[in-house]
Amino acid sequence: QWLSDRKKRALQKKDVDIRRRIELIQDFEMPTVSTKIKVSRDGQYVMAVGTYKPRVRCFDTYQLSQKFERCLDSEVVTFEILSDDYSKIVFLQCGRFVEFHSQHGHYYKTRIPKFGRDFSYHYPSCDLYFVGASSEVYRLNLEQGRFLNSLQTEASESNVCDINPVHFLFAMGTAEGKVECWDPRTRNRVGLLDCALSSVTADTEIEGLPSISALKFDGALNMAVGTSTGQVLLYDLRSSNPLIVKDHHYGLPIKSIQFQHQLDLIISADSRIIKMWNKDTGKIFTSMEPEHDINDVCLYPNSGMLMTANEAPKMNIYYIPVLGPAPKWCSFLDNLTEELEENPESTVYDDYKFVTRKDLENLGLAHLIGSSLLRAYMHGFFMDIRLYHKAKMMANPFAYEEYRREKIRQKIEETRAQRVQLKKLPKVNKELALKLIEEEGEEQQFSKKRKQKNLPNLLKDDRFKVMFENPDFQVDEQSEEFRLLNPLVSKISEKRKRKLKILEELEAQGEEEEEEPEGKASDAESSESSDDEKGWVEEVRKQRKLLRQEEKLKRQERLKEDQQTLLKPQFFEIKEGEEFRSFKDSAKKQKLMKKTLEDRLKLEEKLGTLNVSDTTVGSKQATFKLKKSEQQKKQQEAEKLHRQERKTLRRSASHLKSRRGRGRLFH
């Protein structure tokens, strides 16, 4: 941004990347995704369709800009330019619609019976052949303006079709992996190719039945077929066997096939890669993998230019000089490619030096901050490299002496590295670290002899760093698993423990010049190699005996502890108003809580605390009765007794009154 115009012009001559950033056609893009792209026969117009919203854009190559844009009612499956320019276009849309456009815009719209997937134009009879989700091929005559009798095929569905430009043979690719060829003059089928069977070779791995996804004629006799499993088959129409089968090895459907006649190449593309290969030998010429998925590829006629429709707004343009010259509307590309050289070019910042504020203070240039000599960038500044070298020479005139001292120090360190150096062991798992160091030394010697690559070491791997720092990862050598799985660890660990003690003593004393006590051959090591299996079995037996003895000792200690411990009674407090019956009540409650709701409802129904009845509406009504505690039951019983006593007293009082009244009457 802050480079001068002169510097930018000089940079464009040097930097290859900047020279490649050429916008051939202005705003050559779609709002979201481009699906199909084609070039008119006169080469002046490039037309592309995409979304969103569904639209078609026409670009004028002579003006290097967009000529017009038209929005459509539904997404375009494919389209065809019938005239030499943009004046007659046919669009096949998703909703079974076929839309015709003239020079001024929308002209006519009709509909086909089934969903279409592709169509071709037969120039001698002015017929459009539509294939799609049907066994029929629909014919629409543009001269008469009506549908003709359709062609009845054996296929359940058809994906693609094409018409030979020489003898006008109509070919269609089916979902069953076959290609049917029809003669438009007699409306009879003249040939059938089973491409699915021919695409299976010894080198290919196919999942499922390959269907035909691309079809293209080349001249009068050649035809290329692309399958949904990523194979391209080249046929001679006089033979039912393919001349060559090319596999993309991605398992993706072939989207487009183009023929390049100057170098006898076939350009085939799936959604991931564009491959160019020789049609006679199958040898790969080159391949391109764009950043986004590919929907369509268009080869500009008689040139080395490729255009792609992608799953991205930007439509890509590639120019490969080997394939042919540049089109006449961008002939300047040939001059640019001649100037491109493979020599290393200078980058943008070769003439500048990035320095921080601390570097400026060391150089004594801190007063230049804010001036035009320094350009602020991120956490520092850019300054001219010549000014930087001058300031460094003035600030540090003894740079050569420092350089000489640094070289001498490096030589001394190289000689010291030849001596035996002490190994710094970690704080955690020292024995394991020593074992790994020894194994690494042995592996290095072995790999030098065999000329193999060294394996990675755990000590240098950051993923296992915590194992030698955190004490929670300390290996417990007294555990049962360690002693049984590593029966020979006792013999090997003894030697390592000796070395570990010696190393710790040397570290404490700081004697760097002493030789490390390694490589001492012992009789134990030679004997271990001879009777390895016997020693392993004996060691396992010993370890098991020791483990049993330790278990017995532990049991005896537990028994002694149990005998010595005195059991004290425990007291539990009961809530007021509750009586303690037994511990069975709590167990019953726990069992009851574990049961499902259905089981608990059945149990409560038996006890009489639940009553389930049907209502008039058709639903169920459940009535629950709360359980009464013992205290509530006692209160109810006392109330009942009190009521009975009051009733008896009332009865006795009324009886006495009646007797007194009778006595008075008698007197």
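The values are calculated or read from the model by the stated rules, or taken from the named source; none is laboratory data. Fair warning: this is a prediction, and the values are worked out from it, not measured in the lab. All Cβ positions, glycine included, derive from the backbone under ideal geometry; neighbour counts span all protein chains shown. To get the accessible areas, we keep the full protein, side chains included, count just its heavy atoms, and leave off ligands, DNA and RNA. Shrake-Rupley method; radii C 1.70, N 1.55, O 1.52, S 1.80 Å.
The set of residues from the stretch 85-97 being among the hydrophobic types (A, V, I, L, M, F, W, C) and under 39 Å from the mean Cα position of the chain (by Cα) comprises Phe91, Leu92, Cys94, Phe97. Against the test of being in the same structural domain as Asn159 (by the TED database), open to solvent by 20 Å² or more (accessible area, probe 1.4 Å), assigned to a strand (DSSP E or B) and in contact with a strand residue (DSSP E or B) (Cβ under 9 Å, 6 or more places away or on another chain), the options Thr286, Thr281, Thr201 yield a single qualifying residue, Thr286.
In the stretch 68-84, of all residues being charged (D, E, K, R), within 40 Å of the chain's Cα centre (by Cα) and open to solvent by 70 Å² or more (accessible area, probe 1.4 Å), the one that is modelled with the lowest pLDDT corresponds to Asp73.
Taking the stretch 153-193 as the range and being charged (D, E, K, R) and touching a Gly at 6+ places or on another chain (Cβ under 9 Å) as the test, the residues that pass are Glu157, Asp162, Glu180.
From the list Met378, Met393, the one residue that fits, being within 49 Å of the chain's Cα centre (by Cα), farther than 21 Å from Ala10 by Cα and open to solvent by 100 Å² or more (accessible area, probe 1.4 Å), is Met378. Scanning the stretch 53-64 for residues that are over 14 Å from Gln93 (Cα atoms) and not basic (Lys, Arg), we see that the one that is most open to solvent (accessible area, probe 1.4 Å) is Gln63. Here Thr623 meets each of (1) open to solvent by less than 100 Å² (accessible area, probe 1.4 Å); (2) modelled with pLDDT under 75; (3) not acidic (Asp, Glu) with one exception, condition (2). Determine whether the stretch 155-168 contains at least one residue that is over 25 Å from Ser211 (Cβ atoms) and outside any loop (DSSP other than H, G, I, E, B). Looking for residues that are over 25 Å from Ser211 (Cβ atoms) and outside any loop (DSSP other than H, G, I, E, B), one finds none in the stretch 155-168, hence no.
Checking the structure you have, find out if any residue of the stretch 219-230 is without any contact (Cβ under 8 Å) to a residue 40 or more places away in the chain and open to solvent by less than 10 Å² (accessible area, probe 1.4 Å). No, every residue in the stretch 219-230 fails to be without any contact (Cβ under 8 Å) to a residue 40 or more places away in the chain and open to solvent by less than 10 Å² (accessible area, probe 1.4 Å).
The residue pairs whose first member lies in the stretch 269-285 and is farther than 18 Å from Tyr235 by Cβ and of a type in the set (D, E, K, R), whose second member is in a loop (DSSP other than H, G, I, E, B) and open to solvent by 90 Å² or more (accessible area, probe 1.4 Å), and whose beta carbons are closer than 7 Å, counting only pairs six or more residues apart or on different chains, are Arg272/Glu289.
When you scan the stretch 303-317, do you find a residue that is in the same structural domain as Asp247 (by the TED database), in a loop (DSSP other than H, G, I, E, B), within 16 Å of Val39 (Cα to Cα) and open to solvent by 10 Å² or more (accessible area, probe 1.4 Å), even just one? No.
Which one of the conditions (1) at pLDDT 70 or above; (2) over 38 Å from the mean Cα position of the chain (by Cα) does Lys8 fail to meet, given that it meets all the rest? (1) is the only condition that Lys8 fails. Considering only the stretch 23-52, state which residues are open to solvent by 40 Å² or more (accessible area, probe 1.4 Å), more than 16 Å from Gln103 (Cβ to Cβ) and not in a strand (DSSP E or B). Scanning the stretch 23-52 gives Glu23, Gln26, Asp27, Pro31, Thr32, Tyr52. Close contacts from the stretch 25-51, counting a first residue that is under 14 Å from Gln66 (Cα atoms) and a second that is in a loop (DSSP other than H, G, I, E, B) and acidic (Asp, Glu), with Cβ to Cβ under 8 Å and a gap of 6+ residues or different chains, come to Gln44/Asp85; Tyr45/Asp85.
Filtering the stretch 203-260 to residues that are more than 18 Å from Met172 (Cβ to Cβ) and among the acidic types (Asp, Glu) leaves Asp203, Glu205, Glu207, Asp236, Asp247.
Inclusion of Tyr62 among residues that are modelled with pLDDT under 95 and more than 30 Å from the chain's Cα centre (by Cα) is warranted. Remark: pairs (first residue in the stretch 169-190, at positive phi; second residue open to solvent by less than 30 Å² (accessible area, probe 1.4 Å); Cβ separation under 8 Å; 6+ apart in sequence or on different chains) = Gly177/Cys195; Gly177/Ala196; Gly177/Ser199; Gly177/Pro210; Gly177/Ser211; Gly177/Ile212; Gly177/Thr227; Arg187/Leu151.
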